[in-house]
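The structure under discussion appears below in the form of structure tokens.
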Amino acid sequence: MSAVEPRPIREFALGIYDGPHATPKESPDGAVFLGIKNITEDGRLDFSEIRHVSEEDLPRWTKRVTPQPGDIVLTYEATLHRYAIIPEGFRGCLGRRVALIRPDPKKADSRYLLYYFLSHDWRKVVEGQIISGATVDRIPLERLPEFPAALPNVEAQKCIADVLSAYDELIENNRRRMRFLEEAARLLYREWFVRFRFPGHEHARILDGIPHQWSVYTVDDVCAVGRGASPRPIANFMEGEIPWFKIGDATASDSLYVFETQEHVTEDGAKKSITLEPRSLILSNSATCGIPYFTGVRGCVHDGWLHFTNFRRVSREFLYCYFYFKRDELVSSVGEGSTQKNLNTTAVGRLKVVLPTDDVLRKQFDDAVQPMFSTLFNLTQQKQKLRAARDLLLPRLMSGEIAV
């Protein structure tokens, strides 16, 4: 494919629209108010947390534009470089700081345009136009229609999008399997150790709120609790090769195993921090505190994490499930930090854990869930490799280096 001459993005669109500059009254149900948090860095829509706008109010919030399947939404202020396609069946309106491009189907394939917006070439175009404000950066929407885009003919776009979409379908299939396995493990824990509906529960007596022959332990009784550490001064230890796990790396992950980190420290920096092996259990200690994850690779943990080692009586998988269902209690009991709430290792160590005295039930639980967690780990690895392969292909397909 020969080099494509860039043209203004407006030439590939039927329209470019801004969203509302206000927020509607919150409703318990209704249409989706599509905000920045619903658009992921890797080009998907995430509806795990939805703000609703009532059906009665919806016409007011769709005066400028009603999102349609195939439209591309983008963030243009504060959090930038996020794009996604509106799917079939979507009903809602644009949120604040979210805009919409409606591709002309005769000139642009929506899938290809999304991949183009996620490419390094388009990112460079946008970076050159960003306006830095006193508090946030923004893309000037009035200039956006003139941003140059190098798109081949629509048939070539569709061929390239078909190749890249095949990778995305595999990634999404992995993601669905991962969600199913995570939910299955959590539900089993909840049935056995929260609701006490374990095998044989029909014949168990409940004394003082717990089954007979069960005992109350503390987290300190079943493992060692520690806090991550940051080498100081941190600027002296950056740009190394050892992954440095921070809270943002986990929130950007769509798995309970965190493989990728934005920052890396040197060997000397690692010596001043806490180094953990793959599959180590960690718990967010600040910002969005009380959420458990596992490390996917060997690396160092920032002081925004608590970590757990030397397991006794329980497995790390059991303790992951325990913390998953303890989050509300953790959030309500944390101490105040200088700018945000932080967990206290002593308080976490004193949390009560109710366990059967007989280890048969615990072993049955581990035998059931540990294969699930192993599969989750492998699926996350596969997803990382698929994403890396897709990202390697994307610029080569778009530049014509690889023909389709």
**Complete:** Here FRET efficiency (C-beta to C-beta, T346 to R195, R₀ 35 Å, nearest 0.05) is 0.75
**Fill in**
In the chain the accessible area split gives carbon plus sulfur, as whole percent at 1.4 Å, a share of 48 percent
**Asked** For the pair E401 and R123, how long in nm is the line joining their label points, each one 7 Å along Cα→Cβ?
**Response** 1.5 nm
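Divide by every residue of the chain the summed helix terms, -39500 (n - 2.57) for each DSSP H run of at least 4, and state the resulting mean residue ellipticity at 222 nm, rounded to the nearest 500 deg cm²/dmol.
-10000 deg cm²/dmol
How much accessible area per residue does the stretch 28-187 have, counting only protein heavy atoms and a probe of 1.4 Å, in square angstrom?
Ligands and nucleic acids excluded, the figure is 49 Å² per residue.
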**Asked** Which of the GluC sites (Glu not before Pro) across the stretch 1-50 are loop residues per DSSP, with 15 or fewer other Cβ within 10 Å?
**Response** E26, E41, E49
**Request:** Any chance you could run the full-extension gain for Q364 through T135? It's 0.36 nm times the residue separation minus the Cα-Cα distance, nm to one decimal.
**Result:** 77.1 nm
**Message:** I'd like to know which of A235, A204, S215 lies farthest towards the positive end of the charge dipole of the stretch 173-238, counting +1 on Cβ of Lys and Arg and -1 on Cβ of Asp and Glu.
**Reply:** A235
**Complete:** Interchain or sequence-distant (5+) residues whose placed amide H lies within less than 5 Å of the amide H of I242 are V265
**Asked** What whole-number value in Å² describes the accessible area per residue of the stretch 231-311 for a 1.4 Å probe?
**Response** 43 Å²
**Paired Rg and Dmax values of the stretch 1-158, which use every Cα atom, in angstrom** = 15.6, 53
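Take every Cα pair under 8 Å in the chain that's 6+ residues apart, average their separations, divide by the length, and report that relative contact order as a whole percent.
It rounds to 16 percent for the chain.
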**Request:** Find the Rg to Rh ratio for the stretch 130-201, where Rh is the Kirkwood radius over alpha-carbon pairs and Rg uses the same atoms.
**Result:** 1.35
**Request:** Ignoring everything but the protein chains, give the 1.4 Å probe accessible area of T79 in square angstrom, nearest 10.
**Result:** 50 Å²
**Item:** Label corresponding to Rg and Dmax of the Cα atoms in Å when calculated from the structure given, among (i) 22.5, 72; (ii) 24.5, 77; (iii) 25.4, 69
**Value:** (ii)
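The values are calculated or read from the model by the stated rules, or taken from the named source; none is laboratory data. Every value quoted in this text rests on a predicted model; they were computed, and no experiment measured them. Cβ atoms come from the backbone with ideal geometry, glycine included; neighbour counts cover every protein chain shown. In case anyone asks, the SASA skips ligands and DNA or RNA and just uses the protein heavy atoms, side chains included. Shrake-Rupley method; radii C 1.70, N 1.55, O 1.52, S 1.80 Å.
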